[in-house]
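Worksheet for the structure shown next.
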Amino acid sequence: MRLKFLHTPKPKGYSYQPVYYNPDEEKQNNEKPVEETSKFRREMDSRWRAHRRKNRANTLQLMVYLLIILGLLYFIFFVW
């Protein structure tokens, strides 16, 4: 086995193929009906609102449990 102390490897080559932009072809490929876009927007909005309601309910439930625990601790240490 040969050891090469001062050997620097050559950089890795690559093959670059330029991509040309054609605005007409881009319009044809990316056109979506307005109705489909608005339907998607409504669906995303309803999902986001449902998620917020769920998170808000979880937060309120956690606050109620915390208040109950703090009330019990107050009763045990200061009143009893």
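Within region 6-56, being among the acidic types (Asp, Glu) and either surrounded by 10 or more Cβ atoms within 10 Å (Cβ to Cβ) or part of a helix (DSSP H, G or I) (or both) holds for Asp24, Glu25, Glu26, Glu35, Glu36, Glu43, Asp45.
Residues satisfying the criterion are present in region 34-42 (criterion: modelled with pLDDT of 90 or more and among the charged types (D, E, K, R)).
The values are calculated or read from the model by the stated rules, or taken from the named source; none is laboratory data. On a predicted model such as this, the values are computed, not experimentally measured, just so you know. Ideal geometry is used to build each Cβ from the backbone, glycine not excepted, and the neighbour counts take in all protein chains shown.
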